[in-house]
Each structure stands twice: as structure tokens, then as C-alpha cells.
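Quick notes on the structure that follows.
The values are calculated or read from the model by the stated rules, or taken from the named source; none is laboratory data. Treat the numbers as computed from the prediction; the structure is a model and nothing was measured. Here the Cβ positions follow ideal geometry from the backbone for every residue, glycine too, while neighbour counts run over all protein chains shown. Surface areas here come from the heavy atoms of the whole protein model, side chains and all, with no ligands, DNA or RNA. Shrake-Rupley method; radii C 1.70, N 1.55, O 1.52, S 1.80 Å.
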Amino acid sequence: MSSSDPSCYTVVFESSAEVPSPSELRSALEKGSDELKIDTLRKIIVSTINGNALPTLMMPIMQFVMPSRNKQLKKLLHFYWEVCPKYDDNGKLKQEMILVVNAIRNDLQHPNEYIRGASLRFLQKIAKDAELLEPLIPTCRACLEHRHSYVRKNAVFALYSIYREFENLIPDAAELMYTFLIAESDSSCKRNAFVFLAHCAMPKAVEYILSIYDTIGTLDEALQMSIIEIIRLDCKNDSAHRPRYIRCIFELLNASSHAVKYEAATTLTTLTQNPAAVKAAASCLINLVIKESDNNVKLIVLDRLENLRTKHGHVLDGLIMDVLQVLSSADMEVRRKAIGIVLSMTSSRNVEEVVLFLKKQLQKTQEADFEKAPEYRQLLIQSIHVTAIKFSEVAASVVHALMDFLGDSNNPSALDVVAFVREVVEKFPHLRAAICEKLISTLSEIKSGKVFRGVLWILGEYVESQPDILASMRQIRKVLGEIPILASEQRLLDEAGGDGETEEDKEKEKEKPKEPSSRPKVLADGTYATETAYTSASTARLEAVKAAAKPPLRTLILGGDFFTGAVLAAALTKLVLRFDEKTTDKVASNSLRAESMLIMTSIIRVGQSKFVNVQIDEDSNERIMNCIQTLSELKSEPAVHEVFLQDTKTAFSKMLGAQEKRAAEKKEAETTKAVAVQVDDLLSFRQFSKKTADEAIDYDEDVGRATGAGEVQEDFMSNLSRISQLTGFSDPIYAEAYVKMHGFDILLDVLLVNQTPNTMQNLCLDFATLGDLKIVERPAVYTLAPHGFQSIKATIKVSSTETGVIFGSILWEGPNMSEACVILNDVHIDIMDYIKPAYCNEAQFRSMWTEFEWENRVNVNNPMSDPREYLKHVMKATNMSCLTPEGALSGECDFLSANMYARSLFGEDALANLSVERTEAGTITGHVRIRSKTQGIALSLGDRITMAQKDNKPLTV
């Protein structure tokens, strides 16, 4: 950057209604009080930043503001000297700036240390102006010897800023700083000087580190951090001092500052791959997580610990019990990440200790005052599940402990236990008898319908001995209550004085005179009906019977959960079929069969009565009737027996195998990631390179990545596809815009072409937005020559995933000051740039589907013939990922249902369910339901699918 180039500053809002004239500002500077001068100078600074420099006011400011002793005025004056134009049109320093330099020199020699320090800080802001700085160098150097540390530390950084731009102005910087460091006692001054010394002469900085080697552990935190950084930089080259550095870093692992500990641990892993050093660094990181109070810091350190574990394998396994102490944190994200690290460190040597600790934590979650107990309990159950399946030797010890939580009021925890038990009984046959016995005894404690369904399925599949089958039936009768259900409920109603369902009672009811109540009741068609006191009383008694205490399974069935009733019927059928195969006692077999059929018919009858909240659905009714038919034809249909007793178990076994295969493929894909290498890349021979345990941290590379320096540049053709035409070719001014998405911003690069032979003055491009878009800055006013070009850039901030529209106009003054205007075409912002495919498990999907209130239903009518092709078509058009497993979508079928999920850059979740079928004509019909927390993303995705349906080919995104 040349000295004449103006600096770039932030635009500050300036009210156009209250802009005083230069003469008014001059008068205020000349005659006003200090408060008025402060206000006036602030207005001048804002005006200068916004492009109106007011050069005529420079001399009045020197005359009337510079002599003031007011500290706030002096600070504002520094801001003004920073932003004001210091060079004339020829790029030479203005003559007036000589007076400014003289004033700054006086401030640098001021007896007040605050004014000296503030002036030295100001010099850092104008460090690019060599002509201004050169006369001030001797005064700056003299400030290094000032009695006050505030002045000295700012003098060091002022000289550092000057040296970075113009090394020739301070040729002896290294010797100057080294001498200053040796004599200095203040820690902040020493830190600043050390950073300066490392920049100008690395060997001198290394020499200083070695001279204070024995006292590094007692130094100030900031200086220790700087020393660690210099050690890291020096070791990027093959330093001869590496062994001493490693010992030094080892000492800093015990520093009192958490920041120093973290940097020391991180640096130590870059210097050596020695297992003892890696273990010491990991131990230090674990202590940091336990002692640090900030949850964000805990998560960052845990990420670092996970990276260490990935690179060093089993070196850290001995620290697993220390990592478990992190679970004492109250934050669920910290606990979840710590559990993930523990599970990856678990081996056959330490699995028993880990499981014992997790079981103790599980017991603690039952305490009343335990924080976030339900979520934590679910996390622990899932972790024990994974561990027990991976290490079969601990499965027996944990499965009984977990089954105590089947009656947990927190439904997700109990469901996780059921999933765990179901997998254990399939994978470990020797545990089946003990697990089934425990399940039978805990049936009475279960409260949830989903848990009942899981337990009943396990009992139906895996209870095999005759005594266990009979024990299961006894326990099922106990949780179901008196059979038949309808007759017992009717008896309770009769005992309460209610009406029976006999014909005589109905006739009496018809003959009985109706007593009209004083309250009119409005029917569905809008007419009035009168409710009788007799009807009201009987309804109250019926409600009282419904509300009476009942066994848990009976309560669920009367509450309308007939899916659980259908699962019970299937479980009873399996138990009866298996009992019949194993026994020779036909009387006992027939008795069991009759009782099971009575329970099933009882469920159907009560489902059609007034005692249930919801009538039985057709699917459950048909399923139960099939079970009744199977039991009635006990010996005649062996194929049905095979379906009940073998096929369901085989299907579950295949499902577990598919899950294991998917997990193995995922793990293999993560461990063997393909790295694209260009043909002209340099070859790196690992055997010839320096072996380090970790990649050295290169902050320059990090900054390059963060600023996008390493990003692949878009090609010319993709840029052309983003150009939108804003005006027509016959308009006086032609405009087109290149629309580029950059993070949360939309960058508009507008090209204007004057198609007339006249000059367009005061040309203004005015934009407005619709949706969650906000214009960051208003474009300036331009003058466009005849047939001239002008490029204008505008930035628009996006705050949510909603289809936005940018519209506007171009205003200008033509010949004879006549105003003219052209309305621009609308620019529609595509939300697909902000939506990325994402993944979640089935439980999370169902939870979000229930929670989200906005739904958009899009009807499907497409000439495609393959439902799977249409699913891919929708996924490509909406950037959504399919959550339904590939196995569930395979095979030939005319019907397809799939769940899809995506997530926006703003953290918004978008869910979709596709349900389509192939018609006889070969087309596809059905619907796509989209749900989200906000209305915008649901409507936008629906519009996207509608647009994609207009053509057979998927839209290009």
C-alpha cells in the first residue's frame, strides 16, 4: 500500500437532517466550550469516515482544539488525525501535518503518563506513514526508559508497529529490545518486548529463553504463552534446543493458568511422540476439563483429547477412569462428548471398571436432586448398551441392572432398555432364560405402551420352556385384570348404579319422561339439543368407572392403545403354539389356547364398546382376528406356525446383521478416507521426514484457511449461470447483476451501462428486499458518462432460510435536470444455497416431527414410473438426505414411503415424509409432507418440489 492510498474505515450512520455547515462547525470549534468542541469534533470525524473530509476545518482544529488539555478531546483528536486526509492530490504530505507532528512530539514528552501512553497507542494506528513517524522515533525510544510501565509497554508496541512497516527506521531493534528485556521488571512490558524481539531476531529470542530457562515456571501467564509460541515457531525448523524445550514444556504443564496448560499440552504433542509425553499431555487436558468452569472450553479441550486418542491409540487407555470423572459436569453436551471418548477407549482390560462406574452413575440418577437426570439416564443406558454388545463378558452383569428401569417414568430411557434387552437375548442365547424370567417378573411395573410392546415381543419369541410359558401367562393375566374385559367393566358400572345394556333397560329408558335441563346444547349442525338429567348422571358414572384404578395393560387397552393389544395377541399366539409343540398334555394345551382366544376376543369386544376412549382401528382388529383364526386351526396350517415361530425371529436377526454391517462400513469409510492428490504435487517420503506425534500448528496456514485462501475458485461458466438481467436492452440504462452467496451474505455485483449519448448525473441504485433479507449499506451516488460503464457492489445479510426477493429501481437526472427512473427485474434468492443434507436417528426424527408445528403438504402427480427414481429426484431438488435404510427401499413394490432430513446454515431443521404409489397407468401419485419449526423453510421447500415436478428431469442445484 502506498502512502497516498486512503485507509478503509467502517461506515457510521450520519443523520442527513442534522448536518451542520462547515462555517457552523468552525464557529463551534472557535467559540464553544470543551463539551461543545467534543460534540463538534465527533461530527467532523463521522463525516470524514463517511467520505466528506471537510479539509477546510483542519487549520481551525489545530488552532482551537490542539491546545486544549481536556483528555477526552485529546483522544478524539487522535481519532481525527487517524482518519483525516494527510496527503494532497499529488500524494505528498500536507504542510499542515508538520504542526501535527510537533504536537504529537510534545504529547510524547508530556509529564502525564496517560497522555504519553495514549499518544504511543495512536502511533500504532498511523504506522504506515513514514514521513510522519521518522521525526518521532527518538522520542519513542526515550519513552522506553520512562518510570511508568504503562508508557514503557505502549512504547514497545509503538516501535514494534513502526518496525513491521519500516525496518530501516529502527536498524538496531534486536539489540534495543534485548537490552530492554534484561533490565525490565514489569511482566507486561517484558511480554511485549519479547514478542517484538522474536519478530525481529528469532536467535536473540531463543537466547533470552535459554538465559531465563530455570525461572520460566514462575513467570507471568502472558509471557509464558509467548514463550510457548516462540518454542513452537523455533521447532518448525530443526532446532538443536528441542530436548530443553520439551523439559520446559513439561514444567509448564503444571502452571497455574489454564490457558498456559492447554497451550503447553498442545505444543508438547507437536515436539515429541514419546508415549510418556503424550500421556502427560492427555492427563493435563483431562484435569483442565474437570477444573474449568466454562462449558465451551470443556468441549474444545475434549475435542483436542479426542484427536490425541485417534492418533495415539491405546497409549491413553490407562487414563480412562480419569476421563470418566468428567461426567460430574452438569452440561449434557460435555457428558455426551466425554462418554463418546470413553467408549472409544474401552477395551477388554478396563471394560469391567467402566461398566461398574456407569452403573453407579445410573443409580445416582434416581436421586431426587440429580440435575438433568432423565437425559443423563438415557445417555448412560445407551452407553452401557453399546459396551455390553461389544464386550459380551459384561452383558450378564448389566442386563439385570438395566431391567430395573423398564418401569421408568421417562419413556425414552425405558425404550432404550427394551432395545438393549432385545439385542442381548438374540446375541447371547445362554442369557435368554434368566432375562425372560426377569422380564416376566417386571411386567407389572411397566407403564408405557411402547415398552409393553417390546417386552411382549421378547417374551413371545424367546420364552421356550413350559414352566416359563405358564409363568408368562399368569403374569399377563395379572397385568390385564379380570377377563372378559367388557363384562367386568359392565358389572362395575352396574354396581355403581349405571344403566345396563339390556333390551328391558332400553325400553324403560324410552318410556321414562325426559327432564330437560336449563342448559341448551349446540349440536354440530348448529341446532339446539337438550341434555336430560338421566343421561348426564349415567355419563358421570361411566366416567367414574373409566377413571377407577386398573392394572397397567388393561388401562392402556381401555385408553385406546389397540396396537399394544395386537402385539399381545401375537405374543399369546406364539406362546400357545410353542407350548403345544413341547407338551403332551392336551388338556393343558387346550386350556391355554381357550384362555388366549378369550383374551383376544375380549380386546375386540371392549374396543367396540363405550368403555374405551377410542374405538378399535381396522388394522388391529384384523391382526387380532388373524391370531384367533391361527389358534382355532391349530394343527391344520403348518406354514402359519412357521411364520409365527421362526420367520419373525429370523427377520430380527437379519436386521441386527444389517445394522452391524452398516456400522462396520461406516467405520471403514471413516478410517480410509480417500485424499485427492494432484499429479504435480510434491512427493512426501515419510521415512525421510522428522517424526512427530502430532502435526505442528501453523497459525499462518490456519489464517489462510479461515480467510478462504485455500478454497477452490469457481470457474467462469458457473459465474455466468449466476448472472441475472435487471433491465431490458432497449432501456436507457442496461443493468445486470452477478449474485454470489458467501456464508450468511449475498454479494450483488451490478454492472450499469449508459445506452444514451447523454450524461446521467446523480445516478442512484436503490434496492429493497422481501423476506428475511437486510441491506447492509446503501450504494453511493454516481455520474455516468455517455455510453459509459459503472460497477456497483451491494451486500445483503440473510438471517433465515426463507425464499427472499430483491427488487429496486435506478434513478438519475438526465438533460435539463429531468428525473428519470427504470424499475429493475426481481432477483429471487434460492434457499438451496443455505440447505445442506444432514442425518439424525429415528427417535430424533419422530421427536422433531411431533414438535414442529408448520406443515406443508405437496401433492405428487408425476409421469415417472419408478418410485425410487422419484425419491432421488426430490432429494436432489431439495438437498435432503434419505433417513430410510437402503434395505427398506429395496425390492419390487408399487408403494414407497421414506423419511428425509436437511439442516440449514442457520441451524433450522427441515423434515419430509414422502409417500407415493405407482398407479395402473404407470404414473406416480401421493404426497410429500414437509415439517419445520418456521413457516418460511416449509413453504420454500414445498415450492421447490412443485417446481421440480413440472419436468421429469431433476432440477440442477
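Dipole size of segment 808-957 about its Cα centre, with +1 on Lys/Arg Cβ and -1 on Asp/Glu Cβ: approximately 280 debye, rounded to the nearest 20.
Write down, largest first, the equivalent ellipsoid semi-axes of segment 137-232 in whole Å, where each equals the square root of 5 times an eigenvalue of the alpha-carbon gyration tensor.
Details: eigenvalues 88, 48, 23 Å².
For segment 137-232, the semi-axes come out at 21, 15, 11 Å.
Taking a ≥ b ≥ c as the square roots of the eigenvalues of the Cα gyration tensor of segment 258-364, is the shape rounded (a/c under 1.5), prolate (a/b larger than b/c) or oblate?
On the way: a/c = 2.29, a/b = 1.26, b/c = 1.82.
It is oblate, given that a/c is not under 1.5 and a/b is not larger than b/c.
Put simply, the amide H of Gly808, placed in the peptide plane, has neighbours under 5 Å in Ala768, Leu824, leaving out anything fewer than 5 places away on its chain. Of the chymotrypsin sites (Phe, Trp or Tyr not before Pro) found in segment 352-458, those that fall in a DSSP loop while having at most 15 other beta-carbon atoms within 10 Å are Phe370.
Phi-derived couplings, Karplus 6.51 cos²θ - 1.76 cosθ + 1.60 at θ = phi - 60°, listed residue by residue for segment 557-570: 5, 5, x, x, 8, 7, 4, 4, x, 5, 5, 4, 4, 5 Hz, with x used for Gly and Pro.
Comparing Ala877, Leu905, Ile930 along the charge dipole axis of segment 831-957, the residue lying farthest to the positive side is Leu905, per the Cβ-charge model. Residues in segment 475-489, backbone N under 17 Å from the label point at Asp585 (7 Å along the Cα-to-beta-carbon vector): list them, ranges by number please. Zone members listed by number: 475. Descending by average beta-carbon neighbour count within 10 Å, the peptides 873-883, 590-600, 566-576 line up as 566-576, 873-883, 590-600, the highest first. Here the label points at Val614 and Gln466, each 7 Å from Cα along the C-beta direction, are separated by 4.2 nm in the simple model. For the cross-link pairs Lys364/Lys427; Lys74/Lys128; Lys37/Lys94; Lys574/Lys667; Lys390/Lys550, the ones whose C-alpha atoms lie over 32 Å apart are Lys574/Lys667; Lys390/Lys550. Since only Ser620, Ile603, Phe579 are under comparison, the one whose Cα sits farthest along the positive direction of the charge dipole of segment 573-625, derived from C-beta charges on Lys, Arg, Asp and Glu, is Phe579. Sorted largest first by accessible area at a 1.4 angstrom probe radius, with every protein chain in place, the residues His641, His110 fall in the order His110, His641. Dimensions of segment 180-286 based on its C-alpha atoms, expressed as ranges along the principal axes with the largest first, amount to 40, 30, 20 Å.
For segment 295-312, putting each phi into the Karplus relation 6.51 cos²θ - 1.76 cosθ + 1.60 with θ = phi - 60° gives couplings of 5, 5, 5, 4, 5, 5, 5, 5, 4, 5, 5, 5, 4, 4, 4, 4, 7, 10 Hz, in residue order, rounded to whole numbers and with x for Gly and Pro. Can you give me the Cα centroid spacing of segment 882-902 and segment 243-300 in angstrom? That distance is 48 Å.
Classify segment 541-656 from the C-alpha gyration tensor, please: rounded if a/c falls under 1.5, else prolate or oblate depending on whether a/b exceeds b/c. Walk me through the numbers before you get to the answer.
Working: a/c = 2.31, a/b = 1.69, b/c = 1.37.
Note, shape of segment 541-656 comes out prolate.
The label point for Ser211 and the one for Thr650, both projected 7 Å from the Cα toward the Cβ, are 8.4 nm apart. Full extension of the segment from Lys236 to Ser847, taken as 0.36 nm per residue of separation minus the current Cα-Cα distance, would add 214.9 nm.
Within the set Lys311/Lys654; Lys359/Lys661; Lys372/Lys447; Lys291/Lys797, which residue pairs have Cα atoms separated by over 32 Å? Too far apart for the 32 Å limit: Lys311/Lys654; Lys291/Lys797.
How big is D for segment 739-781, in µm² s⁻¹ as a whole number, if Stokes-Einstein is applied with the Kirkwood radius of its Cα pairs at 10 °C and 1.306 mPa s?
On the way: Rh = 12.9 Å.
For these conditions, the coefficient is 123 µm²/s.
Extension gain, Cys893 to Ala434, is 161.1 nm, computed as 0.36 nm per intervening residue step minus the present C-alpha separation. Taking GluC sites (Glu not before Pro) across segment 275-358, none is in a DSSP loop with at most 12 further Cβ atoms lying within 10 angstrom of its Cβ. For segment 39-81, the fraction of 1.4 Å probe accessible surface lying on carbon and sulfur atoms is 56 percent. Remark: segment 584-649 carries a charge dipole of roughly 280 debye about the Cα centre, counting +1 on each Lys and Arg Cβ and -1 on each Asp and Glu Cβ. Along each principal axis, taking the top coordinate minus the bottom one, the Cα set of segment 561-623 gives 42, 17, 14 Å in descending order. FRET efficiency for the Lys667 to Asn296 pair, using the beta carbon distance and R₀ = 35 Å, is estimated at 0.75.
The local environment of Phe563, defined by Cβ-Cβ distances under 13 Å, has a net charge of -2 under the rule Lys, Arg +1 and Asp, Glu -1.
Taking amide H as placed 1.01 Å from N in the peptide plane, the amide H of Leu726 sits under 5 Å from that of Ala735, Glu736, Ala737, each at least 5 places away or on another chain. Note down the net charge around Ala255, summing +1 for each Lys or Arg and -1 for each Asp or Glu among other residues with Cβ under 12 Å from its Cβ. Computed value for this residue: -3. Between amide H atoms placed 1.01 Å from N, distances below 5 Å from Val860 occur with Gly926, His927, Val928, all of them 5 or more places distant or on a separate chain. With the highest mean first, a sort of the peptides 157-168, 902-913, 20-31, 930-941 on other beta-carbon atoms found within 10 angstrom per residue produces 930-941, 902-913, 157-168, 20-31.
Taking 25 Å as the cut-off for C-alpha to C-alpha distance, list the pairs among Lys71/Lys125; Lys450/Lys586; Lys125/Lys190; Lys279/Lys666 that go past it. Don't skip to the answer; put the middle values down first.
Details: Lys71/Lys125 18 Å; Lys450/Lys586 34 Å; Lys125/Lys190 22 Å; Lys279/Lys666 29 Å.
Flagged as over cut-off: Lys450/Lys586; Lys279/Lys666.
When Lys125, Lys427 are compared by accessible area of protein heavy atoms, the largest-first order is Lys125, Lys427, using a 1.4 Å probe.
A simple rule links phi to the HN-Hα coupling: the Karplus curve 6.51 cos²θ - 1.76 cosθ + 1.60 with θ = phi - 60°, which for segment 248-263 gives 4, 5, 4, 5, 6, 5, 9, 5, 6, 7, 5, 5, 5, 4, 4, 5 Hz, with x for Gly and Pro.
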